[in-house]
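Shown next, in structure tokens, is the structure this report addresses.
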Amino acid sequence: MAKPKPDNRKDNAQKLKEMVQNTIGNIEAAEETMSNTHLSDTQRQQIREKNERRRASIDSMRSEIKDEAQAQQNRYE
């Protein structure tokens, strides 16, 4: 039976930062689509709701970035 890989958290904070940037880009693209495209009220509402979920995800990811930075700092002290 194969051994499980050890938890390697070295680059978690960097990955999370990239995810935040990608999510911000998705929000901006959705906002641009709403302003440059004829959409129904329902479609606009769906985009707004999705962007709200994205913003909540960003808040969670930023909190996780702080946790990862703290964990990394604690390992080096």
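About its Cα centre, the chain has a charge dipole of approximately 340 debye under the convention of +1 per Lys or Arg Cβ and -1 per Asp or Glu Cβ, with nothing else charged. A simple rule links phi to the HN-Hα coupling: the Karplus curve 6.51 cos²θ - 1.76 cosθ + 1.60 with θ = phi - 60°, which for segment 23-29 gives 5, 4, x, 5, 4, 4, 5 Hz, with x for Gly and Pro. With contacts taken as Cα pairs under 8 Å and at least 6 residues apart, the chain reaches a relative contact order of 53 percent. Rolling a 1.4 Å probe over the protein chains gives Asp67 an accessible area of about 90 Å².
Kindly provide the helix-only [θ] at 222 nm of the chain, computed as the sum of -39,500 (n - 2.57) over DSSP H runs of four or more divided by all residues, to the nearest 500 deg cm²/dmol? Could the numbers behind the result be given before it?
Details: 2 runs with 61 residues, N = 77.
-28500 deg cm²/dmol, from helical runs alone.
The values are calculated or read from the model by the stated rules, or taken from the named source; none is laboratory data. Just so it is clear, the model here is predicted, and its values are computed rather than measured. We place every Cβ from the backbone using ideal geometry, glycine too, and count neighbours over all the protein chains shown. To get the accessible areas, we keep the full protein, side chains included, count just its heavy atoms, and leave off ligands, DNA and RNA. Shrake-Rupley method; radii C 1.70, N 1.55, O 1.52, S 1.80 Å.
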